[in-house]
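Inspection log for the structure reproduced underneath, given as structure tokens.
The values are calculated or read from the model by the stated rules, or taken from the named source; none is laboratory data. Given the structure is predicted, the values throughout are model-derived calculations rather than measurements. Quick reminder, even Gly has a Cβ in these numbers, built from the backbone with ideal geometry, and neighbours come from all protein chains shown. Surface areas here come from the heavy atoms of the whole protein model, side chains and all, with no ligands, DNA or RNA. Shrake-Rupley method; radii C 1.70, N 1.55, O 1.52, S 1.80 Å.
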Amino acid sequence: MAHLRSRRRRALLAVPAGLALTASIGFLPGAASASSQDAPSSTTAPRAAGPALSYVVNTAPDKATVGKVKKEIAKAGGTIVASYPKIGVLVAHASAPDFAAQIRSVKGVQSAGATRTSPLTPAATTEVGKPEKVKAPRASAQGAAKARAAGQEPLEPLQWHLPAMKADEAAKANPGDRNVTVAVIDTGVDDTHPDLAPNFDRRASANCANGVLDTSKGAWRPYDADADYHGTHVAGSVAAARNGVGVAGVAPNVKVSAIKVSDQKTGLFYAENVVCAFVFAADKGVEVTNNSYYVDPWMFNCKNDADQRAILDAVGRAARYAQDKGAVNVASAGNSNFDLGGKSIKDTSSPNDSQEVDREIDPATCLDAPTQLPGVVTVSATGVNSLKSYYSNYGLNPSVASGQIDVAAPGGDRNQVPELPAKDGRILSTMPGGDYAYLQGTSMASPRVAGVAALVRSAHPNASPQEVQWLLKQQADNPGCPTAPYDPNGDGKADATCTGTKHVNSFYGYGIVNALKAVTR
């Protein structure tokens, strides 16, 4: 959700039936809003003069222009806190109410806007519901040997999603290349977890809170193990090691890194944090990034609003920079059962850092970032019956390149219950402190696709990001649109309508990813 698509983002734990996309925490009633000065929009609440806000300023990416704009920012009373000259993005703090308007008038500035609607305070995901912890079997040499003999991890019988995407078979053929790293851009990862420690890449891990890079030891770990579990759960879904301890990841031999982007006080994922993460991942040569969140505070950023347009511009530049450097960017579609290819969506949860306002948005011009950015692999969630999860966003609009689902993957669904011994239709993965828990959400589906992308890159080390994306789609298995009305809660009312063909449709895109095909074709 900047919200985690899993925790507040894109994972569904125990939130009421709806679940927030990548919701955020810590709303600040009455906080000021950074409305654009030169392009008023009814979607942005008015703000009082004076509070210090954070801004992204996007310029032509050349040294002379960046240098000139830096001087103009200082003249306007702003302070630069981060600079990314390679992509022409500057992050500044300022309290002047007309700061954005002043900077937009500077020659060389292509867009500029506030990244939040509430004042800066001293120093969000896509999951649905609260985690349900599972006790791990007591570790013993005998137990580990027994698990290895059976070809399974101790808790693997509860991971119905592995055989659903043939990840268990893929692990026997090719568990992944140690030279491939998946960066989990999230709430941080507990790298001391016994299932994550063997595969953790500290070199490519950092904290990007407030848009400022911190690579000190442990900076990538969760602030609060009880609240900031989302990133650790996602990391285990990607690359929990097959070491006879607990669970298994989709790509159990690749490396996983943590780039923490959540705000310590609110848990939100602001644009400057995400820009920092993409640039850092790219410069470290990361092969895949997983993004189970949306950039706060707007669930959708509208291009006709100057502030929101600047957010899309800044995050888009950073994501494109990562892709140009060889990374495949994978993101969760969100947990609101929205049709991203429809004519309109009612957004009642933005901005999530101050006072929400009801607004009707056009998903063709108001985008969920980074999910709907060009080049990003957008992932919907499925349950054990290979049916779209009740909460998962969906969509098919061939005329809008960024408005549809690319592929699907297991994300869990409480309405789709697996046979014994699994029992629970959600996704079991790692938690801080050596724990394990069930979660559901597109936050859980996205890392499964990121894991398969890592397997594709392992099998085809010279493949470009575009080629990896095409292989993901080509190798996917599409169940096609349901023949009966889509009614996951059984109340007699259709909750969504699947459109498209057997090969490409609004529920699954090109289909549910297949890990075995990724390593054998």
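List of remarks:
- Residue pairs meeting the criteria (Cβ under 6 Å; at least 6 apart or on separate chains; first acidic (Asp, Glu), in segment 398-414; second surrounded by fewer than 24 Cβ atoms within 10 Å (Cβ to Cβ) and modelled with pLDDT of 60 or more): 413/425
- Test: residue in segment 332-346 that is open to solvent by less than 20 Å² (accessible area, probe 1.4 Å), of a type in the set (Phe, Trp, Tyr) and touching a Pro at 6+ places or on another chain (Cβ under 8 Å): no
- When residue 235 is tested against (1) surrounded by 24 or more Cβ atoms within 10 Å (Cβ to Cβ); (2) more than 17 Å from residue 167 (Cβ to Cβ); (3) among the aliphatic types (A, V, I, L, M); (4) touching a strand residue (DSSP E or B) at 6+ places or on another chain (Cβ under 6 Å), only condition (2) is not met.
- Some residue of segment 59-74 being open to solvent by less than 10 Å² (accessible area, probe 1.4 Å) and of a type in the set (S, T, N, Q): yes
- If you filter segment 75-94 down to residues that are part of a strand (DSSP E or B) and β-branched (Val, Ile, Thr), you find that the one that is most open to solvent (accessible area, probe 1.4 Å) is 79.
- Within segment 479-521, being open to solvent by less than 20 Å² (accessible area, probe 1.4 Å), assigned to a loop (DSSP other than H, G, I, E, B) and not aromatic (Phe, Trp, Tyr) holds for 480, 506, 511, 513, 514.
- Residue 364 vs. criteria of a type in the set (A, V, I, L, M) and at pLDDT 95 or above: no
- Every test in (1) over 22 Å from the mean Cα position of the chain (by Cα); (2) open to solvent by 10 Å² or more (accessible area, probe 1.4 Å); (3) among the small types (Gly, Ala, Ser) is passed by residue 227 save one, and that test is (1).
- In this structure, residue 354 does not satisfy being surrounded by fewer than 24 Cβ atoms within 10 Å (Cβ to Cβ) and either closer than 25 Å to residue 497 by Cα or in contact with a strand residue (DSSP E or B) (Cβ under 7 Å, 6 or more places away or on another chain) (or both).
- Across segment 321-330, the number of residues qualifying as open to solvent by less than 10 Å² (accessible area, probe 1.4 Å) and out of contact with any Phe, Trp or Tyr (no Cβ under 7 Å at 6 or more places or on another chain) comes to 4.
- Residues in segment 238-279 that are in contact with an Asp or Glu (Cβ under 8 Å, 6 or more places away or on another chain) and basic (Lys, Arg) were compared, and the one that is least open to solvent (accessible area, probe 1.4 Å) is 260.
- Residue match in segment 379-387 (condition: of a type in the set (Ser, Thr, Tyr), over 17 Å from the mean Cα position of the chain (by Cα) and not in a strand (DSSP E or B)): yes
- Meets criteria (under 22 Å from residue 165 (Cα atoms) and among the small types (Gly, Ala, Ser)) for residue 464: no
- Of the residues screened, residue 318 is one that is among the hydrophobic types (A, V, I, L, M, F, W, C), crowded, with 20+ Cβ neighbours inside 10 Å and not in a loop (DSSP other than H, G, I, E, B).
- Any pair with Cβ under 7 angstrom, 6 or more apart, that starts in segment 152-168 at a residue that is of a type outside the set (Asp, Glu) and ends at one that is open to solvent by 50 Å² or more (accessible area, probe 1.4 Å) and not in a helix (DSSP H, G or I): 154/137; 157/421; 158/421
- Residues located in segment 421-474, provided they are part of a strand (DSSP E or B) and open to solvent by 20 Å² or more (accessible area, probe 1.4 Å): 435
- Among (1) of a type in the set (Ser, Thr, Tyr); (2) assigned to a strand (DSSP E or B); (3) out of contact with any Phe, Trp or Tyr (no Cβ under 6 Å at 6 or more places or on another chain), the one test that residue 392 misses: (2)
- Of all residues in segment 166-218, those being in a loop (DSSP other than H, G, I, E, B) and within 20 Å of the chain's Cα centre (by Cα) number 12.
- Inside segment 285-295, residues that are in contact with a Gly (Cβ under 9 Å, 6 or more places away or on another chain) and open to solvent by less than 10 Å² (accessible area, probe 1.4 Å) make up a count of 5.
- Residue 383 passes every criterion in (1) open to solvent by 10 Å² or more (accessible area, probe 1.4 Å); (2) over 27 Å from residue 271 (Cβ atoms); (3) in contact with a Lys or Arg (Cβ under 9 Å, 6 or more places away or on another chain) apart from (1).
- Residue match in segment 301-313 (condition: at pLDDT 95 or above, touching a Leu at 6+ places or on another chain (Cβ under 8 Å), open to solvent by 10 Å² or more (accessible area, probe 1.4 Å) and part of a helix (DSSP H, G or I)): yes
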